[in-house]
Every structure is written in structure tokens, then in C-alpha cells.
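Structure first, commentary second.
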Amino acid sequence: MGKCTGDGMPDDLQCAKATVPVDYARPGGATLDLALARYRATGDKRGSVLLNFGGPGGPGVPELAYGGKEFMGLTDGYDVVTFDPRGVGRSSPVSCGDAEDDAYAAVDDDPDDLGDPRALLARLKKAAAACAAHSGPVLPHIGTVDAARDMDVIRAALGDKKLNYLGFSYGTRLGAVYAAQFPDRVGRLVLDGVDTLTEPLAEQGIAGARGQQVALDDFVDWCVKDIACPFGQDARTAREEVRRLVRSMDEDPVPTDFGEAFTGQDLVGAIGQGLYSKQLWPSLERALAQLVENGDTGGVMAFATGGLSLPVRGPARDPGGEDPGGGDPSGGLVDEEEIPLDNLPAALMAINCADDPDRPTAGRITADLKRLRAAYEEASPVFGQYRLTQVLMCYGRPSGTDYIRDEVKNLDTPRMLLVGTRGDPATPYRWTVETAERLGSSAVVLDNRGEGHTGYGSSKCVHRKVDDFLLYGSLPPSGSSCGADEDG
């Protein structure tokens, strides 16, 4: 690995590339390069631990570059490594082209205005074709099954006999698929903020809307205790004020400095990002106050565009194996400035659709839309509409794999640690329990009785127990817990 390019990269972070087949069914055919980054072990090295920060569609390299402090404890025994998955960031990024052809734009209509959805479905089909045209040959091979095979290439390139892994949110799906594909190569594996392996996208959306509504209610309860809360000091009134603000901005969007209007659904997306961590609540409160009091969209736009979740002295080789990048950290990779602006949403859609085998017909969508609208609005009067539009995002795309639903179960692997957070707005705690039961006796559950999406970065107790397992193999008893305010 060698010195990384890009502004602001830490001096102690190395980066490289790993070359993998575009199509594993044709290993001698076209290839693509995966962007890698790592912090070297500071203690006695026992191998590497690979990180995935979620998404899907989230690039790992910038996450590790700017948030690496969280993982420095792991360098006592490991090189800490991450990557941009195929189709993401610098690793052959996918795109849907101009915003007017973007599939997200196609599903951003108000469901109350859909009526006969045939026109919308035709637009979705056109958008799917635009995504295929702008993404190139990687798009049909962007799903989690192929990404898990990429992780095994990375493992081998790093010289590790077993994969030690820490995955967050979508990264838990990726880790589970790897364990199903390569059970004899699983080392110490941690899944934090556990994704579902079985629920269709429509049901996932309802669960997500419900979880976000609970998180919003908790945020409002917290906000009204502060005199600066823009929605007043009464929780019930404040909740209605949030709904009123969303409705008013859908009816009359607010102008921005960039020339595009900011709608109520844009605001809903921004609030959803701000609810991912309780540490973000003060910033979210200030951003909402700027919007309500001054019509200033700058703060909420920062949340809306935030999405989720690089140098040695010269070319070097790992003591345990070949250098994955051949010493050139940038050759064959997309430069940072060349990453399409819509890469994150384009990759999110592509990966989720590749992992989902369901493709309801236009007739079924038309028949189900009224029922789904009612279910989503019951789950959340704020997030229901926003999440419902995403149900349609795979229309016009090829059916995805059924491997995850059918094969990722009853694993014969070493024991792994699954962390579920009770107040998680994105991956409800029940998914942790259900996935643990599905994976079988190897899964050990840690119950984090806190709030926010995932536990490692917000709970000292979770952080310590995860590090103890990864570094020393010390697993907590299944069903043990970390308290909401427990420091460990």
C-alpha cells in the first residue's frame, strides 16, 4: 500500500487497490479495481479486521479517513482496513445520470397525486434504463453476493487465513452473506445494527418508517425541554408543528442558494439523517430553528446531503502477504472528483434491487398502492410518504437474487457477535433477534438499551465488548445487555 491522493487524508492512513472480476462466472474476463484503505497495527499484528460502514452505497475509504479515531483501539492487534464496495465511491461508481432521469426523482412524487400510477411506472422504467446506460458493466454485478466474494479476494490479498470483520447496518447483510458463502474462512465477525435478511422492501420500508417516527418523537420530547426549540415547549403541539411544516413545504417549497427548491419530502429526508445519532440532535435542532425562524435551508440541506455513514514512506508489502495494490494507490481507480454526484443514491438503489427478488407487476402495484399507503401512514405520519415512494424504486430493473433469503441461514461458522440497539430508527431491534435465530447457534446477541443507529460509536459498553471480542475472542453471554447510559 502507498500514499493516498486527495485533500485532507491523514498521514498515517495507507491506501491501495484490489483487482476483482466484474463477473465471477467469467473470472478471466473484465475486471474492476476496488479502493482500499488501512491503518497499520501499532502492536503485535495478528492480521487485519475489515470494516464496512453501511449504506448500501456508502464508501468506506472516506469514512475511515475522517472517522478513524473510533477504531484506533483495534490497531493494538490488527491492521484496520476498509474499502469502497463495487459500484461505490472510487470503485467503478454507478450513476443514473442527470437528475431529471434519476430514479429517485421518478419516485419523489406525492403518492396522493398518483391516481393511475401507469405514467409513474413508465417513468421508472425509463429511469432504470438511464441508470443502466450510465453505470456500465458493473451494474448487473453490483449486489451483495458479488461484494461478499470481493471481500474474500481482499482477505486473501491481505494475507489473512480468516476474515475478521466489523459491519454496520447494511454491512451486517454483507457480513452474513460472506459467512454463508465462506463459512470455513470466518474469523471474528461482528454485526452491529442488524439488517433483515428476509423482509421484502415494502415491509422493510414500513419498519423503517415506524422506527424513524419513534426516534422523531424522542427527539421532540428532548427538544421541547429547550427554550430554543423551534416547535415550542409542548410535545404534542410540537409534533403537529413538525407535520405542518412538512405539509407546508410540500405545498410551497423553500428556495435555496443553489436555485433548486427544498420540499417537505427533502426536509423529511434531512430529519431522518439527523435522527441517526443522539449526538446529532443539537445540530438538528439548530438547523430546524434556522429554517423555521429565517427560512434558511443551509443547515437542513447539510443533513440532506450527508447521506449516511490514506501513506507509507513508499510502496510496501504486508509482512503476511502480497500488497493488494502493487504499490500504486491510485492507478486504475476513479479520482475523487470524478465520482458522480448521485453515486450514493444510485448505488443504494442498485444494491437493494440486486438483493431483492420481488418484482411486482404494474397491475399488482396499482392494486396494492392504496393498502400500502394506509400502512405507511399508520406507521408514521411524517416518514410514511417518504418511505412509500422508495417501495417502487426497483420497478423496471431485473429481478434480484433469491440467495440471501433462501441460503443465508443455519450457518456452520465460529460464533459471531450481533449487536441490536433498542432505539435504532433504521434497523429495529427485532431484526437482530430474527437474524440471530435465522443464522443459528453461532449467533450471540448483545442487547444495547440505548438510542441511535448502531451501538459501537455511541455506547462505551458496546464499544468495549466489541473490541474485547475482536482483539481477544472474549464473547459476552448471549442475551447480555448494555444499559442506555452505561459506560462499560
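The values are calculated or read from the model by the stated rules, or taken from the named source; none is laboratory data. None of the values given here were measured: they were computed from a predicted structure. Ideal geometry is used to build each Cβ from the backbone, glycine not excepted, and the neighbour counts take in all protein chains shown. Ligands, DNA and RNA are excluded from the accessible area calculation, which covers all protein heavy atoms including side chains. Shrake-Rupley method; radii C 1.70, N 1.55, O 1.52, S 1.80 Å.
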Those residues of the stretch 220-240 which are among the charged types (D, E, K, R) and under 17 Å from SER283 (Cα atoms) amount to ASP221, LYS225, ASP226
> Quick one: would you say VAL22 is over 23 Å from PRO137 (Cα atoms) and either of a type outside the set (Asp, Glu) or within 18 Å of the chain's Cα centre (by Cα) (or both)?
Replying inline: no
Residue pairs qualifying under the 8 Å Cβ cut-off, at least six apart or on distinct chains, with the first in the stretch 121-137 being within 12 Å of TYR395 (Cα to Cα) and the second being assigned to a helix (DSSP H, G or I) and among the charged types (D, E, K, R), are LYS126/ASP101; ALA127/ASP101
Of the residues in the stretch 331-368, those that are open to solvent by less than 50 Å² (accessible area, probe 1.4 Å) and in a loop (DSSP other than H, G, I, E, B) come to GLY331, LEU333, VAL334, ILE339, PRO340, ASP342, ASP355, ASP356, PRO357
ARG286 modelled with pLDDT of 70 or more and either in a loop (DSSP other than H, G, I, E, B) or open to solvent by 20 Å² or more (accessible area, probe 1.4 Å) (or both) = yes
The number of residues in the stretch 28-62 that are open to solvent by 20 Å² or more (accessible area, probe 1.4 Å), out of contact with any Ser or Thr (no Cβ under 6 Å at 6 or more places or on another chain) and not basic (Lys, Arg) is 8
Of the residues in the stretch 411-442, those that are of a type in the set (A, V, I, L, M, F, W, C), part of a loop (DSSP other than H, G, I, E, B) and under 23 Å from the mean Cα position of the chain (by Cα) come to ALA426
Practice prompt. May I ask you to verify whether VAL153 is of a type outside the set (Lys, Arg), modelled with pLDDT of 95 or more, surrounded by fewer than 18 Cβ atoms within 10 Å (Cβ to Cβ) and touching a strand residue (DSSP E or B) at 6+ places or on another chain (Cβ under 6 Å)?
Written response: yes
From the option list VAL190, VAL194, VAL220, single residue qualifying as within 27 Å of the chain's Cα centre (by Cα), of a type in the set (A, V, I, L, M, F, W, C) and in a helix (DSSP H, G or I) is VAL220
Among (1) surrounded by fewer than 22 Cβ atoms within 10 Å (Cβ to Cβ); (2) within 18 Å of the chain's Cα centre (by Cα), GLY8 falls short only on (2)
